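Here's the structure we're looking at; comments come further down.
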Amino acid sequence: MTSTSASSAFSALAPYGWDEAWADAFAPYAAQGLLPGRVIRVDRGQCDVATADGVLRADTAFVTPHDPMRVVCTGDWVAVEPGGSPRYVRAYLPRRTAFVRSTSSKRSEGQILAANVDHAIVAVSLAADLDLGRIERFLALAWESGAQPLVVLTKADLVPDVTGLSYLVQDVETTAPGVPVLPVSAVTGDGLDVLAAVASGGTSVLLGQSGAGKSTLANALLGEDVMDVRATRDVDGKGRHTTTTRNLLALPGGGVLIDTPGLRGVGLWDAESGVGQVFSEIEELAGRCRFHDCVHHSEPGCAVLAAIETGELPERRLESYRKLMRENEWIAAKTDARLRSEIRRDWKRKGAEGRAAMEAKRGRWR
Ligand code: GDP
Ligand code: ZN
């Protein structure tokens, strides 16, 4: 690439998040005459890539190995061929972050949902009772991806008094150490400017239950109806104009929004370190337990139990921590054969103990 085309590529791709670091990572591909671009949609062996030459349709055959985690996905920065029929994606740049979920099928490999996300915006409706456990799950997933989470409490207009609202914010803040909590209303517009400012600094995804207000937030960020924006006319690989559904959009106020159907209602996936960050205060207390392998049940010198005793740590937090750890172990076990056989051995041992106990009892009764 000549330096003029490199700089025009730079300004054309900047709205999609292109920066010096991406340009550096791309340099070897530029030397091969390949074009940089960001994947805005993937669909059965094809993807749409936003490039300096507009949106190009490209074939992903070269970047579709058997490992589903290594498949090109929305948000990836890729190197595409400048022409050809079909035109191929030759490589994708190393990801900064990645959202993954467990598939609902029996083959429980992770499925990659979005790449290079900076902000995970977790939408939680104030129209219903707060489900702190559910918020914790979304946060674990967000931390695990590498993105910075933000909790947005939507429909704040439905909470009539200011004091009530500040209590709700506090509840969520206690559940989410290190995570900003922002009440917003699409009706009054409160908080939307702050949200737009956060979103302008990188790539965001909207997570949350159906009805939480994600589409409404997306529309507010986009400043127009999402569906209209999504169905834009683009040039495909053969130079024809086609209508493209975009799962990745450049925001008018800066920043990028990724909204793929698969990201809605995601499950936990191998989020052990994410769980640790959601429960950072528990991990911190655990560091002060007398035994380093303390499971905070009845061990002497357990700092976690001591904190529950003094009321410093709500018991509910420890319960959700345990629950999330268990669930996480279970999902990991579905894929990790070794862990699976360990768990099976553990069950066998428990079974054997149970049988022995039963027989001992029977013996006594005999
Ligand atoms: P999604 O399923 O997460 O995309 O949620 P939607 O954006 O479709 O919103 C669900 C419902 O909540 C819709 O009926 C919206 O009109 C309503 N809603 C969204 N934001 C607000 C808000 O700030 N205030 C009120 N009162 N209703 C809202
Ligand atoms: Zn302990």
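So here's what we get for this one:
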{"read-out": "Number of positions in the range 281-322 that are farther than 22 Å from Q170 by Cβ and not hydrophobic (A, V, I, L, M, F, W, C)", "value": "13"}
{"read-out": "Selection count, the range 174-209, where residues are within 19 Å of L141 (Cβ to Cβ), in a helix (DSSP H, G or I) and modelled with pLDDT under 90", "value": "1"}
{"read-out": "Criterion violated by Q277 - all others in (1) more than 20 Å from V179 (Cα to Cα); (2) open to solvent by 40 Å² or more (accessible area, probe 1.4 Å); (3) at pLDDT below 90 satisfied", "value": "(1)"}
{"read-out": "Selection count, the range 146-164, where residues are surrounded by fewer than 24 Cβ atoms within 10 Å (Cβ to Cβ) and either more than 13 Å from ligand 1 (Cβ to nearest atom) or modelled with pLDDT under 90 (or both)", "value": "8"}
{"read-out": "Residue within the range 112-125 that is β-branched (V, I, T), in contact (Cβ under 8 Å) with a residue 24 or more places away in the chain and part of a helix (DSSP H, G or I) present", "value": "no"}
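Matching residues to (1) assigned to a helix (DSSP H, G or I); (2) in contact with an Asp or Glu (Cβ under 6 Å, 6 or more places away or on another chain); (3) at pLDDT below 65:
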{"position": "L285", "(1), (2), (3)": "yes, no, no"}
{"position": "A307", "(1), (2), (3)": "yes, no, no"}
{"position": "S320", "(1), (2), (3)": "yes, yes, no"}
{"position": "A333", "(1), (2), (3)": "yes, no, yes"}
{"position": "R340", "(1), (2), (3)": "yes, no, yes"}
{"position": "E353", "(1), (2), (3)": "yes, no, yes"}
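The values are calculated or read from the model by the stated rules, or taken from the named source; none is laboratory data. None of these values were measured; they are calculated from a predicted model. For neighbour counting, all protein chains shown are included, and Cβ atoms are generated from backbone atoms with ideal geometry for every residue, glycine included. Surface accessibility is based on the protein's heavy atoms, side chains included, excluding ligands, DNA and RNA. Shrake-Rupley method; radii C 1.70, N 1.55, O 1.52, S 1.80 Å.
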